[in-house]
Amino acid sequence: MLKFIYLSLFTIVPVISGLEVNESCTTPYNAPGKCVPSRQCPYVIKIIRKPNSSFKDGIYLEKSKCGVMTGPRPIPLTCCPALLNPEQCGVPALANRIIGGEPTKLEEHPWAALLVFDVGGEKFAPKCGASLLNSRFVLTAAHCIVDVPKKWTLHRVRFSEVDALSEDDCATINDEDVCRQEYEIESVTVHENYDRNKMNRQHDIALIKLKEPVVFSEYVRPICVPIDDTIRALPIDDEEFTVTGWGQTETQTRSGQQLHVEIFGKTNEVCNKVYAVANITLEKTHICVGGTKNKDSCKGDSGGPLMRQFEGIWYQSGIVSFGARFCGSEGFPGIYTNVAEYIDWMTEVVNDSHVDPEMSEEE
């Protein structure tokens, strides 16, 4: 009976006023969302289909109403939690101006992050890259979470890193003291179909939810992801991309400074020919980029962002996944997880984490 009541809230009761379809809104749990017909909201459908719906669920659905789509038969709208690009994402404080890479000014790619691991013996070390999507979520590679020594524990996510090899937490930049920011981790979601034993590392993607919201600044802000169809449809072949990280350099040593390098996209067929000797075949969930001598991502860059600019905004196209044994080898492009193919998965993860913080412990 309770389930029937919930259904009727969204099929019969009219909404007098509110937002237009697809306008941004805020859910009752203070999360970003889109105002859409309730039947198009997976989160609402999941609540309605729960075998043991609660009174609190009903209150949530009632408070989620955000408008009405007019017509012969008015359709109520609900504020559906969604993965949205934050305002001013992909806009660095510094205008645009890694193997073969150039030093990166801290404000140039302020979404770049490092995963810090507890490696045992009271030692902590940054071992993988990542990127900031919004105030609570960080994107990285699944293999950075799964394919690590058993004794390692993911400890924190670090932003505003000037020198990854330095023991000093702060540095002076333009007469300003800039300090590392580290955030504790609430949860980690690795793609359920990632298989560490598959050579092509398909579904090499993971989302990290932070315990506390990140404080945005000149040196820490989110990158945009390709949510819009226009961005998702941009070509890859011969297009310029940028990859950034603190990984191994052409001297085979780890970089303390963040580096970046410009590389060019290839068709997946190019990589399939190159990596056929290793029985590796790419899917549409991969991106093939690079292949120029001494210009590449490398060990330690894993999980970091492959980026492109569109109309002055930076979007994350890929996640550093794997490549040739020797980084920067001529004719051997790197392989990246295609972020555009995982927008729906990312949205589902964000929605599943959409809980009332005041009630989560009781439930």
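If you check Lys295, Lys273 for being at pLDDT below 85 and over 24 Å from Thr189 (Cβ atoms), only one passes: Lys295. Of the residues making up the stretch 280-292, just one is at pLDDT below 95 and open to solvent by 20 Å² or more (accessible area, probe 1.4 Å), namely Thr292.
Rundown of residues vs (1) in a strand (DSSP E or B); (2) open to solvent by less than 20 Å² (accessible area, probe 1.4 Å); (3) under 15 Å from Glu186 (Cβ atoms), yes/no style:
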{"residue": "Asp118", "(1), (2), (3)": "yes, no, no"}
{"residue": "Lys127", "(1), (2), (3)": "yes, no, no"}
{"residue": "Ser131", "(1), (2), (3)": "yes, yes, no"}
{"residue": "Ser135", "(1), (2), (3)": "no, no, yes"}
{"residue": "Cys144", "(1), (2), (3)": "no, yes, no"}
{"residue": "Pro149", "(1), (2), (3)": "no, no, no"}
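Within the stretch 214-239, residues that are under 20 Å from Gly304 (Cβ atoms) have Cβ atoms under 7 Å from residues that are open to solvent by 70 Å² or more (accessible area, probe 1.4 Å) in these pairs: Arg221/Gln88; Pro226/Arg232; Glu239/Phe264, counting only partners at least 6 apart in sequence or on another chain.
Taking Tyr342 as the residue in question, decide whether it is modelled with pLDDT of 90 or more, open to solvent by less than 10 Å² (accessible area, probe 1.4 Å), closer than 23 Å to Pro235 by Cα and among the aromatic types (Phe, Trp, Tyr). In short, yes. Looking only at the stretch 268-291, residues that are within 10 Å of Pro333 (Cα to Cα) and assigned to a loop (DSSP other than H, G, I, E, B) come to 2 in all.
Of the residues making up the stretch 127-184, those that are farther than 30 Å from Ala31 by Cβ and among the small types (Gly, Ala, Ser) are Ala164, Ser166, Ala171. Among the residues of the stretch 144-165, is any closer than 12 Å to Arg221 by Cα and modelled with pLDDT under 90? Yes, that holds for at least one residue. Set side by side, the residues Lys151, Lys211, Lys198 differ, and just one is over 17 Å from the mean Cα position of the chain (by Cα) and under 27 Å from Ile343 (Cβ atoms), which is Lys198.
Within the stretch 163-217, the set of residues being open to solvent by 50 Å² or more (accessible area, probe 1.4 Å), of a type in the set (Val, Ile, Thr) and part of a loop (DSSP other than H, G, I, E, B) comprises Val215 only. Residues that are at pLDDT below 85 and open to solvent by less than 30 Å² (accessible area, probe 1.4 Å) do not occur anywhere in the stretch 65-73.
Pairing each residue of the stretch 27-49 that is farther than 16 Å from Cys66 by Cβ with any residue that is in a strand (DSSP E or B), provided the two are 6+ apart or on different chains, yields C-beta distances under 8 Å for Pro42/Cys80.
The values are calculated or read from the model by the stated rules, or taken from the named source; none is laboratory data. For clarity, every value in this text was computed on a predicted model and none was experimentally measured. Glycine gets a Cβ as well: all are built from the backbone with ideal geometry, and neighbour counts include every protein chain shown. Surface accessibility is based on the protein's heavy atoms, side chains included, excluding ligands, DNA and RNA. Shrake-Rupley method; radii C 1.70, N 1.55, O 1.52, S 1.80 Å.
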